[in-house]
Structures are given as structure tokens and as C-alpha cells.
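So the structure is just underneath, and the comments pick up after that.
No value in this document is a laboratory result; all are computed from the given coordinates. Computed from a predicted model, the values in this text were never measured in an experiment. For neighbour counting, all protein chains shown are included, and Cβ atoms are generated from backbone atoms with ideal geometry for every residue, glycine included.
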Amino acid sequence: MIFRQLFEAETSTYSYLLGCERTRRACLIDSVASEVDTYIDLLHSLNLNLLYTFETHVHADHITGAGLLRQKLGSKSVVHRDAGAMCADLLVTDGVLLQIGDLEFEVRHTPGHTNGCVSYVMHDRVFTGDALLINGSGRTDFQQGDAGQLYDSITKKLFSLPADSLVYPGHDYHGNTVSTIKQEIAKNSRLGNNASREEFIATMQNLQLTYPKFIDQALPANQSCGLMPQG
């Protein structure tokens, strides 16, 4: 497997390139529009053909590169059917299996940050988007957020994975790159160490977070796969 973890500094967003060594087919998870040229150069240097762009959800903090990559490379956008992005080529649901050459991804619906959040599970790792972060979680105070639902998603859909599964989040603001399910179960500051559902809800209600900086631009753009609607 070819694997690259990519970082966009302005919004602290992680994107992930995964490719099949045998078929040279690839996907990008949570691409960023400003980085499209970098992705294309990397794909060319690795001799990879981009088949899919996977979204973990409709982002409020950055604009996806899915639409631009579809225009330039012919890749197909993958989004959960509840995400509110009907522009996508493939609207997936919980349990769907996606195949890229020898690589297989299971879609797990992990709502709570938004209705349409998913995590992409492989045999040894999981891409958790804004649901489960390293030593944290996605916020739940806007965009259909529901703290109780997020707690259920993380504890039932993610903490049930093998303990040594690698956790690759959609963001990190402290220089962390990867965790494990075992580490998050034990040490996650919001819902590790057997924190109860009620404790997690109270924690999320008391965060008093600022309004997302790019939400007014990002949401309408991402509902159009990163291409601003005309008119």
C-alpha cells in the first residue's frame, strides 16, 4: 500500500492519499481545494490514478478539492447520503464496502459532529474525520451537532475496532499525527477512561467555542463539492 499523510496548515487539516501498488489506483480522503496542484504533482510522481475522493463529512472549516479534482482528473466524489452534498458521484450508507485495487474500505456512519459524518475503516487503521480526534472529538454546537449521538458513534462504532487499529483524524492542532484505538479509549480527554455519556454531553456543552472562521464560505461550497454554486 502507498500511503501519504498530508497537512494543510491554515486549517490544520489532514488529508490522506492511499494507493494500490499493483493497480496504481488511488483515493484521497478529505482533500483541500488550495492543495489540488500539490495532490496532482504527488499523484504523477507516484504514478497513481485517482479514482475517488472520500469525504468524512461536509466540512465547515475548509473547502474540499473534490470538485476540482473531478474536473481535472475525472475522479469520483464519495459522501454519505445524509451529508447534504447531492453533487457527489456516490452517496454511501453505513456498511458499504469500497474497493480500490487491493485496498478495501468499510464505511461506518459516525454522526454527531454532523448528520453525515462517516469514518473509513481498513484492516489496520481508521480515518475518523472530525468524529474522533487525537485526545479529543469534533465539536457538536452547530451543523446538526448532537453530543449524545457523537458519544454513541465513537464508543460503539470506533472503540469497538481492534485496540491496535491506527487512528488518523481529520485535524490536529497540537502536532500529533496518529493514535490508536487503545490509546483513545484509555486517555482521550473527553470520553476516554470510561467517561459516561452524561459526562461527555456536559463537557461538550461547556466548551464555549468560537464561531468557525470559514463556515460561511465552506458550507455552501462543500454542498457543491467544493465548486461555488453559480448564480
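The trypsin sites (Lys or Arg not before Pro) of the stretch 1-30 meeting both criteria, a DSSP state outside H, G, I, E and B (loop) and at most 15 other C-beta atoms within 10 angstrom of the site's C-beta, are R22, R24.
Between Q183 and Q99, the FRET efficiency estimated from the beta carbon spacing at R0 = 22 angstrom works out to 0.15. Close amide H contacts of T56 (hydrogens built in the peptide plane, cut-off under 5 Å, sequence separation of 5 or more or a different chain): D30.
Relative contact order, whole percent, for the chain stands at 19, derived from Cα pairs under 8 Å and 6 or more residues apart. The length gained on full extension between L166 and D124, counted as 0.36 nm times the residue separation minus their Cα-Cα distance, comes to 14.5 nm.
Cβ-Cβ distance of H174 and Q223, R₀ of 30 Å, FRET efficiency by 1/(1 + (r/R0)^6): the value works out to about 0.50. Each label point was placed 7 Å from the Cα along the Cα-to-Cβ direction; for Q208 and D37 their separation is 4.3 nm. For the chain, the spread of Cα coordinates along the three principal axes comes to 47, 44, 31 Å, biggest extent given first.
Once the C-beta distance of R22 and L90 is scaled by a Förster radius of 22 Å, the resulting FRET efficiency is 0.45 to the nearest 0.05. Computed over the stretch 56-185, relative contact order equals 19 percent, with contacts defined as Cα pairs under 8 Å that lie 6+ residues apart. At full extension, I201 and L73 could sit 41.8 nm farther apart than now, given 0.36 nm per residue minus the alpha carbon distance. Each of K187, K182 was scored by other Cβ atoms within 10 Å of its Cβ. Listed from fewest to most, they are K187, K182.
Considering only lysines 8 or more places apart in sequence, or on different chains, count the pairs in the stretch 2-209 whose C-alpha atoms sit under 25 Å apart. Value for the stretch 2-209: 4.
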